[in-house]
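What follows is a set of notes on a single structure, which appears directly below.
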Amino acid sequence: RTHKVAVIPGDGIGLEVIEAGKQVIEALAKKSGDFNFEFEDFDWSSKRYLEQGEYIPEGGLAKLAKFDAIYFGAVGSQDVPDHVSLWDLRLAICQGFDQYANVRPARVLPGVKSRLEGADKIDWVIIRENSEGEYSGNGGRVHQGLPDEIGTELSIFSRKGIERIHRFAFEMAQSRPRKKLTLVTKSNAQRHGMVLWDEVFFEVAKDFPEVEIDRELVDAVTTRMVLKPETLDVVVATNLHADILSDLAAALSGSLGIAPTANLNPERSFPSMFEPIHGSAFDIAGQGIANPVGSFWTAAMMLEYLGENTAAERLMAAIERLTESGMQTKDLGGDAMTRDVTAAICADIEAQ
Ligand code: NAI
Ligand code: MG
């Protein structure tokens with residue numbers, strides 16, 4: 001089997017951790033002997049934008065559409081406004097390929113110290129609606145620069161968009177041992193789109209009698225994540241809410257440098273995109289100290305998606321042995337370099 005993967009390292013530490021991730025995937029392919037990866041690199045980045053005026057060249061998305069998956073680093077530069085880099089590259093791909101289900105697992109890996117007491121009980125999957133809602137790009141500004149200037153940011157929630165993400169979340173919950181799903185909205189203060197979210201959730205729930213459901217307002221769920229982490233399993237929330245909750249989840253489970261995410265087009269009409277949750281981290285870029293574990297865990301999610309379950313399990317086992325061994329990068333309190341961690345994972349895979 002050959003898996004064709006488009007690689008977009010992007011900016012900053014994206015370049016470092018994706019390079020490390022490719023090495024690890026190559027080691028897994030070599031070990032298994034029955035599949036291989038054909039990587040094609042795309043230089044779509046802020047550097048390209050600053051030189052050529054665009055992140056994605058003409059016809060770029062059509063080119064990407066032929067791949068089995070996309071392995072993405074991070075985008076963001078001090079020389080480009082964040083809303084430009086995000087919309088012109090990452091969101092252009094997510095929305096262009098209708099990757100409406102963003103999946104963000106969180107748990108504390110062995111040996112990783114969380115600042116949260118009871119963090120070992122974190123075992124969550126946050127499902128983020130990834131195609132509409134607060135990030136639908138609608139709104140505008142009038143009277144620019146004037147004292148009575150107004151900016152609007154319109155959230156759009158469609159019944160179809162809500163129903164498909166809830167169905168996806170229920171299926172995810174059903175596939176997990178605890179089979180619990182928590183609905184998160186803010187339907188007390190926001191009385192249109194959020195109320196529709198709630199209503200559709202309870203309609204879809206009828207098709208999943210085995211799943212135990214409950215609901216929480218987004219502000220309240222933050223306290224529950226911190227104070228009663230064991231009561232949550234799968235959480236479904238809107239684009240904005242889940243964006244925030246998943247960063248909190250990543251921090252509670254040890255470091256932003258560990259957490260992975262998948263942007264899925266579950267129908268597989270288009271390729272899905274896999275990326276570590278962190279950004280380009282200009283504060284540490286170029287120093288060789290970025291934690292590559294997030295991009296490895298991301299690679300494990302991509303392998304699973306591509307049907308390489310054994311390789312995915314091998315990789316997760318190697319990651320857990322590594323974190324348990326105490327070899328950790330600076331963000332986790334250690335002094336290992338990106339290349340040390342990568343070499344250790346590759347050696348573990350070879351030895352398995
Ligand atoms: P960030 O995730 O890049 O960094 C936040 C903090 O976590 C920094 O102190 C950084 O050093 C640390 N950190 C992140 N990943 C790490 C890793 N793998 N190993 C060790 N430490 C790590 O978020 P920030 O600083 O808010 O944003 C920087 C740029 O990245 C901005 O331009 C932002 O728009 C962009 N960004 C892009 C994302 C994406 O492409 N998906 C996601 C988040 C931010
Ligand atoms: Mg975020």
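Summed over the stretch 228-245, the residues that are within 16 Å of ligand 1 (Cβ to nearest atom) and within 19 Å of GLY118 (Cβ to Cβ) give a count of 1. Report yes if some residue within the stretch 164-186 is more than 18 Å from ALA237 (Cα to Cα) and free of Cβ contacts under 8 Å to residues at least 12 places away in the same chain; otherwise report no. So far as the stretch 164-186 goes, yes, one or more of its residues are more than 18 Å from ALA237 (Cα to Cα) and free of Cβ contacts under 8 Å to residues at least 12 places away in the same chain. Taken together, the residues in the stretch 211-230 that are in contact (Cβ under 8 Å) with a residue 12 or more places away in the chain and in a helix (DSSP H, G or I) amount to 8. Answer yes or no: is there a residue in the stretch 60-71 that is among the aliphatic types (A, V, I, L, M) and touching a Lys or Arg at 6+ places or on another chain (Cβ under 7 Å). Within the stretch 60-71, not a single residue is among the aliphatic types (A, V, I, L, M) and touching a Lys or Arg at 6+ places or on another chain (Cβ under 7 Å). As a summary of the residue check, ILE18 satisfies the conditions (1) more than 27 Å from THR338 (Cβ to Cβ); (2) aliphatic (A, V, I, L, M); (3) buried (at least 23 other Cβ atoms within 10 Å of the Cβ) except for the one numbered (1). If you check LEU89 against the conditions, is it surrounded by 21 or more Cβ atoms within 10 Å (Cβ to Cβ), of a type outside the set (D, E, K, R) and within 30 Å of PHE157 (Cα to Cα)? Yes. Screening MET327, MET316, MET301 for residues that are more than 16 Å from ligand 2 (Cβ to nearest atom), aliphatic (A, V, I, L, M), in the same structural domain as GLY33 (by TED's automatic domain parsing) and under 15 Å from the mean Cα position of the chain (by Cα) leaves exactly one candidate, MET301. Screening the stretch 168-182 for residues that are surrounded by fewer than 22 Cβ atoms within 10 Å (Cβ to Cβ), of a type outside the set (Lys, Arg) and in contact with a strand residue (DSSP E or B) (Cβ under 8 Å, 6 or more places away or on another chain) and picking the one that is farthest from GLU267 (Cα to Cα) gives MET172. Among the conditions (1) under 27 Å from ASP120 (Cβ atoms); (2) part of a helix (DSSP H, G or I); (3) of a type outside the set (Phe, Trp, Tyr), LEU181 misses just one, which is (2). Please tell me if LYS63 is more than 14 Å from ligand 1 (Cβ to nearest atom), surrounded by fewer than 17 Cβ atoms within 10 Å (Cβ to Cβ) and assigned to a loop (DSSP other than H, G, I, E, B). Judged against the criteria, LYS63 is not a match. On inspection, GLN78 passes the criterion of being within 11 Å of ligand 1 (Cβ to nearest atom) and surrounded by fewer than 17 Cβ atoms within 10 Å (Cβ to Cβ).
Just one of the numbered conditions (1) closer than 17 Å to VAL5 by Cα; (2) within 16 Å of ligand 1 (Cβ to nearest atom); (3) not aliphatic (A, V, I, L, M) is not true of PHE270: (2).
The values are calculated or read from the model by the stated rules, or taken from the named source; none is laboratory data. Please read these numbers as outputs of a predicted model, since none were measured by experiment. Every residue, glycine among them, receives a Cβ derived from its backbone with ideal geometry; neighbour counts consider all protein chains shown.
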